[in-house]
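Below: the structure, in structure tokens.
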Amino acid sequence: MKSHHLSRFSIITQSQIEQYKKDHANQHLTTNHFTPIENEAFGLQTAKSLIFATPYEDFNKLYFISSDMDDLDNALKNFDGNNLCLEIIQRGDLDPKLENVLQKHFIFHTRYEKLLIHTKNLKSKIKKATNEIQHANKEDLDVIFASLRANFDVKFDHLPSKQTLLSYIQNHQVLVKRTAGIITAYCIYTINGKTSHFNYLLNISAEPFALIALMEEYYEEIKAKNIPYVHLWVDVCHNIRVKNMHLRYGYESSSIFNYTFYKTQSKE
């Protein structure tokens, strides 16, 4: 895996990250790191901050842990990696001091809002599935994979690998609508315990009512599998119409947001 010009920084391991948190447990820490890193990480450490990034395809995912915003500001000045992106998932608004620091070094991308619903509260009249909605098969893998890459943001939409997408297809978690044998719309979802994540929904050919048909089939399947909860993320800066559509189905805000930033080159 490429280091994307990060190799000049120190290697940061998961054990170092956990030790840093432990050593500063008595301080108020601001961080966007909550799950173990999967790939090799590179970063730097100061007295009050730890910054590290993991290479992913042609960009780097940035994480930070800090007890002091001024120190974080200075640390970011010394972390001049390119093609960086970062996500901050939290309840409510960003802390103004943190926001001020991030805006000095990064470009704000957008804000995603997490919406939730219990399937018993769905307001739409779920109809019997029609034969125009089918499950994808393994022969559809390349087409759907290419469509995801072309229509969604690889940096922030957490796109599945081809192998992961194949597992979704094999588990009947990819619904498609075909016209003349060609996929014109699709829906991809995942299941974790009693909750389903409504991951991707796309109307490739802009066919009328295609998305409604997919959504209703999806909800039929979720209810048949006795999955009571559904959540999804909506870009509320650019897709407010999509949020309103889901609100009409009965979704409610969780008040949890994902604030996303990026940097394509070092700022002067």
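Against the main long axis of the alpha-carbon atoms of the chain, helix 96-105 sits at an angle near 90°. Axis angle, to the nearest 10 degrees, between helix 69-78 and the longest C-alpha principal axis of the chain: 90 degrees. Using a probe radius of 1.4 angstrom, the carbon and sulfur fraction of the accessible surface of the chain is 49%.
Can you tell me the 0 to 90 degree angle between the C-alpha axis of helix 240-249 and the longest principal axis of the chain, rounded to 10? Helix 240-249 sits roughly 50 degrees off the main axis of the chain.
Legend: calculated FRET efficiency, V154 to A206, from the Cβ-Cβ distance at R0 = 30 Å, rounded to 0.05, equals 0.85. Rg/Rh for the chain stands at 1.01; both radii use Cα atoms, and Rh follows the Kirkwood definition. Annotation for V242 and D70: the two label points, set 7 Å from Cα along the Cα-Cβ direction, are 4.1 nm apart.
For the stretch 190-268, compute the number of Lys pairs whose alpha carbons are separated by less than 30 Å, excluding pairs fewer than 8 positions apart on the same chain. Final tally of qualifying lysine pairs is 6. Bridge orientation summary for the stretch 18-124: considering DSSP beta bridges with both residues in this region, about 90 percent are antiparallel. Centre-to-centre, using Cα atoms only, the stretch 104-118 and the stretch 177-192 are separated by 26 Å. Distance between the modelled labels on T46 and I256, one decimal in nanometres: 3.1 nm (7 Å Cα→Cβ projection).
The values are calculated or read from the model by the stated rules, or taken from the named source; none is laboratory data. All values derive from a computational prediction rather than experimental measurement. We place every Cβ from the backbone using ideal geometry, glycine too, and count neighbours over all the protein chains shown. Quick note on the areas: whole protein, heavy atoms, side chains included, nothing else; ligands and nucleic acids left out. Shrake-Rupley method; radii C 1.70, N 1.55, O 1.52, S 1.80 Å.
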